[in-house]
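S.K.: Before we start, here is the structure in question, set down as structure tokens.
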Amino acid sequence: MMDTPTPPNLDMRLPASSPAGQDVYQAADAPALLDVRNLSVSFGGKEVVSGLSFSIAAGEKVALVGESGSGKTVSALSLLRLLQDAQVSGNAIFQGPQGAIDLLALSDAGLRSVRGSDISMIFQEPMTALNPLFTVGDQIAEVLELKLGLDKSAARQRCVELLAATGIPEPERRATAFAHQLSGGQRQRAMIAMALACRPRLLLADEPTTALDVTLRGQILDLLADLQRQHGMAVLMITHDLNLVRRFADRVLVMENGLLVEQGPVSKVFEKPQHAYTRQLIDSKPVRDVLEPPDQGKQPPLLQADNLRISYRTPLPGLRGWFSHGEFVAVKAASFAIAPATTLGVIGESGSGKSTLALAALGLLPFIGKLSINEKYWTGKHNIDKELRKLIQVVFQDPFSSLSPRLTVEEIVGEGLQVHHPELSKAERRQRVEQALTEVGLGETLFPGLLTRYPHEFSGGQRQRLAIARALIVQPRLLILDEPTSALDVTIQKQVLELLQRLQKEHGLSYLLITHDVDVIRAMAHQVLVMKDGMVLESGPTTQVLDQPKHPYTAALAQAAVENSLENQGT
């Protein structure tokens, strides 16, 4: 039986000289559900979180914000001891069903009994958190069987109910899908369903709405708030989305370089931030800085699609599945064009067909209809398509999973040169790699030994810059940007967008921008395409479509974005 340490005096206050300069307290008769004191986390002797102290009451919603690398995710993971090779010190007193326990002092067996039942976590990157060898339904059902003792049939039924509760379409069919068969937003909702399966007392939510469009983001927030009210669940939400913080949280904690620099009620911190870093976060908003292209009618489109139809085979139940298959149409009759040095933004909810459209443009999916790049067509033959691939490159949504963890920066960025310019010597390749890295804001002066480092040694924003450098090194004319900033905090998002705007001006690049963020569309896109359920609902110049929408769905997206913006401004 595990030891139960004596809880500290929870009526204490932090002194005014504490790093945050704020009081952390709970009434003596209402101890905190979680009370963290002097949490420090180090790797290899280097401290990345220093003296972090905060508390969360039962039923309270607390947001932890800060830039990539500020220590917010590391802090949350350390509470459940999910960090490898980390040295963790301090106390994390949790009021469990059997009394107060120190999470940092529990045995492995004791901690396993807490994880998933009393404390659960939604991870930021569901593609890496979900097991690729099992369906999402099997993974959710496993939690219900192990933690709640449900039989397979009951667990399966409950799994479908949980997926439906998170707003995932066709929950029975999605339960039989593998992670790679779901869109980014659908994978995120499957992770949320798994985390809430056992109705935990405390939910650690690491960017739970990262891949969701603005309307679904609101639905998930409403879902979490409803469950929190019903079951008295407390939530520690790690996020870079300040609109989300304003709408959801009771209190906010701001971290910079491993230190808690400010905390307090959300309204107070947003209206009168005391720390310069907090003011910087609040003021970070995408700014439009693109050149309006010359008369597009005189230039042939760089990419043109006419009446595209993209479908997937689906299994049929019973004996019919042995002899035939069903069909799921992901994109229906889509037509669009991208002129040189312009950006076409494609916006829509998860599962609308945005990323499928991008994969078809890359020649990675079969399709019906016409699709040309610089008046040339995909043939499916490697030798013929090789030259076409130099013209079009891609930056994926999740740089952590798209960058090989076994290759160095030099190997990752220079890989395209080996394919398309094998005549270059090793020294010439290295020189081009260094030039590409410098162009995206990464260089040896800032990162000694940069070329020999691996992706895990960089923050999310830095990894995205590596992905952009890898795409640029073969000098393409068109970049497909699949949610390039969705996983980044607001300050890094602004920096990446400014980088993309500068590269477009300097190189005359065209972009096919896939996003769920209306603010990003307004900042980057010349034209916009609105998709839902595989169909193009509306298209045209960005300002015309967003300011004078013709379709109710477009109007709902634009209105939700405006409301979020107003909330963030405190109006």
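The values are calculated or read from the model by the stated rules, or taken from the named source; none is laboratory data. Being a predicted model, the structure only gives us computed values, none of them experimental. Positions of Cβ are backbone-derived with ideal geometry, glycine not excepted, and every protein chain shown enters the neighbour counts. When the accessible area is computed, the model is the full protein with side chains, heavy atoms only, and any ligands, DNA or RNA have been set aside. Shrake-Rupley method; radii C 1.70, N 1.55, O 1.52, S 1.80 Å.
S.K.: What ranking do 195-208, 86-99, 157-170, 340-353 get when scored by the average of other Cβ atoms within 10 Å per residue, highest first?
M.R.: 340-353, 195-208, 157-170, 86-99
S.K.: State the answer as a single residue: which of His240, Val413, Gly167 lies farthest towards the positive end of the charge dipole of the chain, with beta carbon charges of +1 for Lys and Arg and -1 for Asp and Glu, about the Cα centre.
M.R.: Comparing the listed Cα positions along the dipole, Val413 ranks first.
S.K.: Step through the residues of the stretch 460-475 one at a time and calculate ³J(HN,Hα) from phi using the Karplus curve (6.51 cos²θ - 1.76 cosθ + 1.60, θ = phi - 60°), rounding each to whole Hz and writing x for Gly and Pro.
M.R.: Whole-Hz 3J(HN,Hα) from phi for the stretch 460-475: x, x, 5, 5, 5, 5, 4, 5, 5, 4, 4, 6, 7, 5, 8, 6.
S.K.: Mind putting a number on the dipole of the stretch 258-354 about its Cα centre? Charges go on the C-beta only, +1 for Lys and Arg and -1 for Asp and Glu, and I need it in Debye to the nearest 20.
M.R.: So the magnitude is around 300 debye.
S.K.: If each DSSP helix of 4+ residues adds -39,500 (n - 2.57) and the sum is divided by the residues in the chain, what number results at 222 nm, nearest 500 deg cm²/dmol?
M.R.: So the calculated ellipticity at 222 nm is -11000 deg cm²/dmol.
S.K.: Ok, one more. For the stretch 368-423, state the average projected area of the convex hull of the C-alpha atoms over all orientations, rounded to one decimal in nm².
M.R.: Details: hull surface 22.3 nm².
The orientation-averaged projected area of the Cα hull of the stretch 368-423 comes to 5.6 nm².
S.K.: Mind jotting down the distance between the C-alpha centroids of the stretch 328-348 and the stretch 477-522, whole Å?
M.R.: What the calculation gives is 16 Å, centre to centre.
S.K.: OK, next. Just to verify a number: FRET efficiency for Lys285 and Ser459, C-beta to C-beta distance, R0 = 22 Å, to 0.05?
M.R.: Using R0 = 22 Å, I get an efficiency of 0.60.
S.K.: Round to a whole number: what % of the accessible area of the chain belongs to carbon and sulfur, probe 1.4 Å?
M.R.: 51
S.K.: How high is the FRET efficiency between Ala154 and Lys332 when r is their beta carbon distance and R₀ equals 35 Å, given to the nearest 0.05?
M.R.: Plugging the Cβ-Cβ distance into 1/(1 + (r/R0)^6) gives 0.40.
S.K.: Same structure, new question: Among Ala154, Pro366, Ala558, which residue has its Cα positioned farthest towards the positive end of the charge dipole of the chain, with +1 placed on the Cβ of Lys and Arg, -1 on the Cβ of Asp and Glu, and the dipole taken about the Cα centre?
M.R.: Result: Pro366.
S.K.: Using the Cα centre of the stretch 58-152 as the reference point, and only Cβ charges (+1 on K/R, -1 on D/E), how large is the resulting charge dipole? Debye, rounded to the nearest 20.
M.R.: For the stretch 58-152, the charge dipole is close to 120 debye.
S.K.: What is the P(r) of the stretch 229-386, as percent of Cα-Cα pairs per 5 Å bin from 0?
M.R.: Bin by bin from 0 Å, the calculated values are 1, 6, 11, 11, 9, 9, 9, 9, 10, 11, 8, 3, 1, 0.
S.K.: Nearest 20 debye, what's the magnitude of the dipole of the chain about its Cα centre given +1 on Lys and Arg Cβ and -1 on Asp and Glu Cβ?
M.R.: Working: 56 positive and 62 negative charges, 228 e Å.
Rounded to the nearest 20 debye, it is 1100 debye.
S.K.: Hey, quick one: spin label on Asp306, modelled 7 Å out along Cα-Cβ, who in the stretch 324-340 has an amide N within reach, i.e. under 18 Å?
M.R.: The answer is 332-339, whose backbone nitrogens lie closer than 18 Å to the label point.
S.K.: May I ask what percent, to the nearest 5, of DSSP beta bridges between residues of the chain are antiparallel?
M.R.: 55
S.K.: Another one. Determine the distance separating the Cα centre of the stretch 169-183 from the Cα centre of the stretch 215-258; give it in Å without decimals.
M.R.: Comparing the Cα centres of the stretch 169-183 and the stretch 215-258, I get a distance of 25 Å.
S.K.: Please sort by residue number the trypsin sites (Lys or Arg not before Pro) in the stretch 265-337 whose DSSP state is loop and whose Cβ has at most 15 other Cβ atoms within 10 Å.
M.R.: Filter output for the stretch 265-337: Arg288.
S.K.: From the backbone phi of the stretch 521-533, what are the Karplus-calculated ³J(HN,Hα) couplings (6.51 cos²θ - 1.76 cosθ + 1.60, θ = phi - 60°) in whole Hz, Gly and Pro given as x?
M.R.: Per-residue couplings from phi come out as 4, 4, 6, 10, 8, 8, 10, 9, 10, 9, 10, 7, 6 Hz.
S.K.: Could I ask something else about it? Based on the Cβ-Cβ distance from Lys390 to Asp108, what FRET efficiency comes out when R0 is 35 Å, to the nearest 0.05?
M.R.: On the way: r = 52 Å, r/R0 = 1.48.
Taking R0 as 35 Å, the efficiency between Lys390 and Asp108 is 0.10.
S.K.: Here's something else I'd like to know. With all protein chains present and a 1.4 Å probe, how do Trp378, Trp322 order by accessible area, largest first? Before the final figure, lay out the partial values.
M.R.: Details: Trp378 40, Trp322 205 Å².
From most exposed to least exposed: Trp322, Trp378.
S.K.: Over the Cα atoms of the chain, what is the Rg over Rh ratio if Rh follows Kirkwood?
M.R.: Result for the chain is an Rg/Rh of 0.97.
S.K.: Only bridges whose two residues both fall in the stretch 95-232 count here: according to DSSP, what percent of them are antiparallel, nearest 5? Could you put the intermediate results ahead of the total?
M.R.: Values: 3 of 8 bridges.
Of those bridges, close to 40 percent are antiparallel.
S.K.: Further, regarding this structure: Using 7 Å Cα-to-Cβ label points, what is the Glu411/Arg313 separation (nm, one decimal)?
M.R.: 3.4
S.K.: Let me ask something else. Just report the Cα centroid separation between the stretch 57-135 and the stretch 540-557, whole Å.
M.R.: With the stretch 57-135 and the stretch 540-557 each reduced to a Cα centre, they are spaced 41 Å.
S.K.: Need the full-extension length gain, Ala164 to Leu82, defined as separation in residues times 0.36 nm minus the C-alpha distance. One decimal, nm.
M.R.: 26.6 nm
S.K.: Right, here's the next one. Taking a probe of 1.4 Å, how large is the accessible area per residue of the chain, in Å²?
M.R.: Ligands and nucleic acids excluded, the result is 45 Å² per residue.
S.K.: Kindly flag which residue pairs out of Lys268/Lys532; Lys426/Lys494; Lys61/Lys505; Lys426/Lys505; Lys370/Lys494 have an alpha-carbon separation exceeding 32 Å in this structure.
M.R.: Lys268/Lys532; Lys426/Lys494; Lys61/Lys505; Lys370/Lys494
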